[in-house]
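First comes the structure, then the notes that go with it.
The values are calculated or read from the model by the stated rules, or taken from the named source; none is laboratory data. No experiment lies behind these values; they were computed from the predicted model shown. Every residue, glycine among them, receives a Cβ derived from its backbone with ideal geometry; neighbour counts consider all protein chains shown.
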């Protein structure tokens, strides 16, 4: 089964990327894999504190994921997978694409501020020539209705 890989982070544009991935998966019989990356700089503390912070980060990610997973199951009939990795976000996204041969499309949300589409979109589009899958970039300002019409 082809899976849509989407990145779960704290950005506003993440929501549209997740919606798009779920709706495309529902319409094409695919799956959704949600990747969340814990950056290494969050744990530059004493070992005990770093381990506690790592566990708290994972708990936040799971709670955040469950909100989206419930919507996907209830509204789209899609049961997403959660993958949590630690490291630099771009490196971990590229590694996940390489490690999971069922991933067929990387879905990213583009930011809407004047600084540009966001660091993930900027960095991953630069690496897109070396990827084995296409990248779909979903504008952060698309309405739910427009997303439904596109998917």
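Here are a few things to note about the model shown:
- Residue count, the range 46-77 (criterion: touching a strand residue (DSSP E or B) at 6+ places or on another chain (Cβ under 8 Å) and more than 22 Å from residue 12 (Cα to Cα)): 1
- Scanning the range 79-96 for residues that are surrounded by fewer than 16 Cβ atoms within 10 Å (Cβ to Cβ) and assigned to a helix (DSSP H, G or I) turns up at least one hit.
- Scanning the range 4-25 for residues that are buried (at least 23 other Cβ atoms within 10 Å of the Cβ) and without any contact (Cβ under 8 Å) to a residue 40 or more places away in the chain returns no hits.
- Top-ranked residue of the range 26-38 - restricted to ones that are within 22 Å of residue 58 (Cα to Cα) and touching a residue at least 60 places away in the same chain (Cβ under 8 Å), ranked as surrounded by the fewest Cβ atoms within 10 Å (Cβ to Cβ): 33
- Looking only at residues of the range 97-123 that are outside any helix (DSSP H, G or I) and over 19 Å from residue 32 (Cα atoms), we find that the one that is farthest from the chain's Cα centre (by Cα) is 114.
- Options 148, 55: the member that is modelled with pLDDT under 90 and either touching a helix residue (DSSP H, G or I) at 6+ places or on another chain (Cβ under 8 Å) or part of a strand (DSSP E or B) (or both): 148
- Residues that are in contact with a strand residue (DSSP E or B) (Cβ under 8 Å, 6 or more places away or on another chain), closer than 12 Å to residue 11 by Cα and surrounded by fewer than 18 Cβ atoms within 10 Å (Cβ to Cβ), drawn from the range 103-127: 112
- Residues being farther than 25 Å from residue 143 by Cβ, in a helix (DSSP H, G or I) and at pLDDT below 90 are represented in the range 20-40 by at least one member.
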